[in-house]
Amino acid sequence: MVVSRMTERITPASRLRGEIRLPGDKSISHRYAMLAAVAEGTSRIHHYSTGADCKSTLRCLQALGVHIAEEAGTVCVEGVGLDGLTEPAQMLDAGNSGSTIRMLSGILAAQPFTSRIGGDQSLSRRPMRRIMTPLAEMGAEIHAREGQFPPLEIHGRPLRGIDYTLPVASAQVKTCLLFAGMYASGETVVREPVRTRDHTELALRHFGAEVVVEGKTIRIQSRPRLQGRELSVPGDLSSAAFFLVAALIVPDSDLVIEGVGLNPTRSALLDFLASLGAQVNITSLREMAGELVGDIRIRHSRLKGGVMEGALTAALIDEIPVLAVLGAATEDGLTVRDAAELRVKETDRIATVEQNFRRMGLDIQTTPDGMHIPGRQKFRSGEVDSFGDHRIAMAFAVAALAAEGETLVHGAEAAAVSFPEFFTVLREICR
């Protein structure tokens, strides 16, 4: 499929004002859909993500014999139980979604049939050895292009539980193994070097699985009887990051983002912004299916600089492109270390951030695993590119709000991967 390239023209904003509600959390939407598919009975998932990645998950599940209906922001999934999936007639298409291919592979590895799963050109360059190695230890047989790249050919096998320590912190790999652990004989144990987002553990429990969490160790028992549920997905905090940064760098801004997921394993973003001096307030805290939800008020603030490394970098890996933009507007700049994972995202995000910084007249020094961005820089208008990466498209649309003239964002259609309404919402709050 050929997607036509779209250019968005972004003019400087004098201030951002208003109340907005963002699409459902992408990470949670993927997990709810997959678990609903192998649960017994019907699940209704309200406020499901509108992003293309989460639609890829639904299409893959439909190709596996799951009946799914969508209506007015609600996804209805008729679960087939752990053993009810059927062999797909053709290769499963994960599109641009690393979450889909990595997490769903854990379920596919245990099925009594062979499946093939691939995606677009970008996904085909993303290494899959991190899931292939532990799944092979569980008894799975998986073949990949050049031994690690999609498409994957997964020959379903009876699986056995393992005790596995992740070499690199990854919520997607953890989820893959916990999903495989539902089918494996005995107990499956996953040990994390750094605690990652725990949406999977919360969702598994809510659907009825026995999951024990002890610090950075997660245990799941074999063959849980999952039951369909009525669910509502919180607003996506990763999507909120773009508006939080926009309000911080545009003078006289005062913005409220309603109904955002505030899971403690994701709240490092808000903690980090507060540590820089951001005026962030949380109101209307409540709980939905174990997930914390609340409203965020953010106002323009004078920010000092900061350093991001170790566990903090792992927690904020997806937000680094837009935080790099923020770094240029702080007093003392931003240094990012331990972020080699950025090199194997939808793009090499260290390289694409650097290229767009140069195009906007911004100074940046990059390293193999990070970057340093001096503070108190002036954003110049110009032409930037998404390079086909949704987070790069949105990060530099935010940067354009602080430029001195009109900026062209080429490849703006990439934002639809996670947030199709992004540019519409952005214009609604610009004053």
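Can you tell me how many residues within the stretch 415-431 are free of Cβ contacts under 8 Å to residues at least 40 places away in the same chain and within 23 Å of Arg343 (Cβ to Cβ)?
Qualifying residue count for the region: 1.
This table checks each residue for (1) surrounded by 15 or more Cβ atoms within 10 Å (Cβ to Cβ); (2) under 24 Å from Ser222 (Cα atoms).
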residue: Leu108; (1), (2): yes, yes
residue: Gly119; (1), (2): yes, no
residue: Val173; (1), (2): yes, yes
residue: Ser185; (1), (2): no, yes
residue: Val189; (1), (2): yes, yes
residue: Val194; (1), (2): yes, no
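Only one of (1) out of contact with any Pro (no Cβ under 6 Å at 6 or more places or on another chain); (2) under 21 Å from Val245 (Cα atoms) is not met by Asp363, so which one is it?
In the conditions (1) out of contact with any Pro (no Cβ under 6 Å at 6 or more places or on another chain); (2) under 21 Å from Val245 (Cα atoms), Asp363 misses (1) alone.
Test Asp198 against the criterion of being in the same structural domain as Val417 (by TED's automatic domain parsing) and not aliphatic (A, V, I, L, M), and give yes or no.
no
For the stretch 70-92, state whether one or more residues are crowded, with 24+ Cβ neighbours inside 10 Å and within 18 Å of the chain's Cα centre (by Cα).
No, the stretch 70-92 contains no residue that is crowded, with 24+ Cβ neighbours inside 10 Å and within 18 Å of the chain's Cα centre (by Cα).
Has the stretch 4-11 got at least one residue that is within 27 Å of Ile282 (Cβ to Cβ), touching a residue at least 60 places away in the same chain (Cβ under 8 Å) and more than 19 Å from the chain's Cα centre (by Cα)?
Checked the stretch 4-11: no residue is within 27 Å of Ile282 (Cβ to Cβ), touching a residue at least 60 places away in the same chain (Cβ under 8 Å) and more than 19 Å from the chain's Cα centre (by Cα).
So which residues in the stretch 367-392 are over 20 Å from Phe422 (Cβ atoms) and assigned to a strand (DSSP E or B)?
Thr367, Gly370, Met371, His372, Ile373
Of Ser56, Ser29, Ser99, which residue is surrounded by fewer than 24 Cβ atoms within 10 Å (Cβ to Cβ) and either at pLDDT below 95 or not in a loop (DSSP other than H, G, I, E, B) (or both)?
Ser99
Mind checking which residues of the stretch 321-346 are in a helix (DSSP H, G or I), over 18 Å from Ser275 (Cα atoms) and touching a His at 6+ places or on another chain (Cβ under 9 Å)?
If we filter the stretch 321-346 for residues that are in a helix (DSSP H, G or I), which is where we start, we get 321-329, 340-344.
Subsequent filtering for residues that are over 18 Å from Ser275 (Cα atoms) retains 321, 340-344.
Of everything in the stretch 321-346, nothing turns out to be in a helix (DSSP H, G or I), over 18 Å from Ser275 (Cα atoms) and touching a His at 6+ places or on another chain (Cβ under 9 Å).
Which members of the stretch 118-157 meet the condition of being assigned to a helix (DSSP H, G or I) and within 20 Å of Cys60 (Cβ to Cβ)?
Leu123, Ser124, Arg125, Arg130, Ile131, Met132, Leu135
Do we have any residue at all in the stretch 238-248 that's under 25 Å from His372 (Cα atoms), among the aromatic types (Phe, Trp, Tyr) and in contact with a Leu (Cβ under 7 Å, 6 or more places away or on another chain)?
For the stretch 238-248, residues under 25 Å from His372 (Cα atoms), among the aromatic types (Phe, Trp, Tyr) and in contact with a Leu (Cβ under 7 Å, 6 or more places away or on another chain): present.
I'd like to check something: does the stretch 336-346 contain any residue that is modelled with pLDDT of 95 or more, among the hydrophobic types (A, V, I, L, M, F, W, C) and closer than 20 Å to Phe243 by Cβ?
Looking for residues that are modelled with pLDDT of 95 or more, among the hydrophobic types (A, V, I, L, M, F, W, C) and closer than 20 Å to Phe243 by Cβ, one finds none in the stretch 336-346, hence no.
Any chance you could count how many residues in the stretch 171-197 are modelled with pLDDT under 95 and either within 24 Å of Met288 (Cα to Cα) or acidic (Asp, Glu) (or both)?
Looking only at that region, the number is 4.
Taking the condition of being surrounded by 23 or more Cβ atoms within 10 Å (Cβ to Cβ), in contact (Cβ under 8 Å) with a residue 40 or more places away in the chain and more than 17 Å from Phe243 (Cα to Cα), how many residues in the stretch 380-408 meet it?
The number of residues fulfilling the criteria is 2.
Quick check on this structure: which one of Arg9, Arg17, Arg44, Arg5 is of a type outside the set (Phe, Trp, Tyr), over 24 Å from Leu135 (Cβ atoms) and assigned to a loop (DSSP other than H, G, I, E, B)?
Answer to the selection: Arg5.
Which residue is nearest to the chain's Cα centre (by Cα), if the candidates are limited to the stretch 393-431 and must be of a type in the set (D, E, K, R) and assigned to a loop (DSSP other than H, G, I, E, B)?
Going residue by residue through the stretch 393-431, those that are of a type in the set (D, E, K, R) are 404, 406, 413, 421, 427-428, 431.
Filter once more, so that each one left must be assigned to a loop (DSSP other than H, G, I, E, B): 404, 406, 421, 431.
Details: Glu404: 31, Glu406: 29, Glu421: 16, Arg431: 29 Å.
Taking the candidates together, the pick is Glu421.
Which of the strands (runs of 3 or more DSSP E) contained wholly in the stretch 165-255 include at least 1 residues that are in contact (Cβ under 8 Å) with a residue 40 or more places away in the chain?
Here the list reads 188-191, 217-220, 230-232.
Quick check on Ser301: is it loosely packed, with under 15 Cβ neighbours inside 10 Å and touching a residue at least 24 places away in the same chain (Cβ under 8 Å)?
no
Considering Ala351, Ala311, which residue is farther than 27 Å from Pro264 by Cα, within 22 Å of the chain's Cα centre (by Cα) and outside any strand (DSSP E or B)?
Criteria check complete, one pass: Ala351.
Can Leu166 be described as modelled with pLDDT of 95 or more, among the hydrophobic types (A, V, I, L, M, F, W, C), within 24 Å of Gly79 (Cβ to Cβ) and surrounded by fewer than 24 Cβ atoms within 10 Å (Cβ to Cβ)? Talk me through it step by step, then tell me what you get.
Working: modelled with pLDDT of 95 or more: yes; among the hydrophobic types (A, V, I, L, M, F, W, C): yes; within 24 Å of Gly79 (Cβ to Cβ): no; surrounded by fewer than 24 Cβ atoms within 10 Å (Cβ to Cβ): yes.
Against the criterion (modelled with pLDDT of 95 or more, among the hydrophobic types (A, V, I, L, M, F, W, C), within 24 Å of Gly79 (Cβ to Cβ) and surrounded by fewer than 24 Cβ atoms within 10 Å (Cβ to Cβ)), Leu166 does not qualify.
Kindly check whether there is at least one residue in the stretch 17-35 that is acidic (Asp, Glu), touching a residue at least 60 places away in the same chain (Cβ under 8 Å) and within 23 Å of Ser239 (Cα to Cα).
Yes; the residues of the stretch 17-35 include at least one that is acidic (Asp, Glu), touching a residue at least 60 places away in the same chain (Cβ under 8 Å) and within 23 Å of Ser239 (Cα to Cα).
Going through Ala240, Ala209, Ala203 one at a time, which residue ends up being outside the structural domain of Leu104 (by TED's automatic domain parsing), at pLDDT 95 or above and either of a type in the set (Asp, Glu) or surrounded by 17 or more Cβ atoms within 10 Å (Cβ to Cβ) (or both)?
After applying the criteria, what remains is Ala240.
Buried (at least 18 other Cβ atoms within 10 Å of the Cβ), assigned to a strand (DSSP E or B) and on the phi < 0 side of the Ramachandran plot: does that describe Asp295?
Considered against the rule, which asks whether it is buried (at least 18 other Cβ atoms within 10 Å of the Cβ), assigned to a strand (DSSP E or B) and on the phi < 0 side of the Ramachandran plot, Asp295 comes out as yes.
The values are calculated or read from the model by the stated rules, or taken from the named source; none is laboratory data. Since the structure is predicted, the reported quantities are computational estimates derived from the model, not experimental observations. Cβ: placed from backbone, ideal geometry, glycine included. Neighbour counts: every protein chain shown.
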